[in-house]
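Below is one structure, written out as structure tokens; comments come after it.
Every number in this text was worked out from the coordinates using simple rules, so none of it is lab data. Being a predicted model, the structure only gives us computed values, none of them experimental. Cβ sites come from the backbone with ideal geometry, for glycine too, and all protein chains shown count toward neighbours.
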Amino acid sequence: MADYGTEGQRKHYYVAVGAGQVLEDKEAAAYELEIVATEEEKDGLKALFAEMSSMDEAAMVHFHSHPFGSASVEEMNQGYEGILKQIYTLVYRLGTEETRRHVASLNLDIGGLPG
């Protein structure tokens with residue numbers, strides 16, 4: 001069995017963007033995309049998902065507590081969109097050929113993707 005703790009070792013992971021998950025077992029849950037990443041790269045993607053989740057929670061609390069608060073819906077959406085673009089950029093960079101084709105087909109405004 002391979003030593004996955006070795007720095008730089010690449011392994012297949014399965015990504016569910018909507019659920020904010022990076023799975024090691026493709027049978028564990030539904031996923032949309034497959035990446036090949038080091039442990040550090042996988043952890044970076046998980047951190048982006050955690051940041052996106054925190055932003056969702058903060059937006060809910062903000063708009064529930066302060067429906068006419070200082071942060072506009074547009075500002076909140078820009079932050080969310082920025083994190084989502086970072087996620088798709090990383091997924092594209094680490095993705096299999098099929099994943100890259102799928103991400104490119106989404107026509108996201110992400111630098112480095114084929115237009």
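Less than 15 Å Cβ to Cβ from Lys26, Lys/Arg counted +1 and Asp/Glu -1: what total charge do the surrounding residues give? With Lys, Arg at +1 and Asp, Glu at -1, the neighbours total -4. Projected label points at Ala47 and Tyr80, each 7 Å from Cα along the beta carbon direction, are separated by 2.4 nanometres.
Note on Arg101 and Ser54: the model spin-label points, each 7 Å out from Cα along the C-beta direction, lie 3.7 nm apart.
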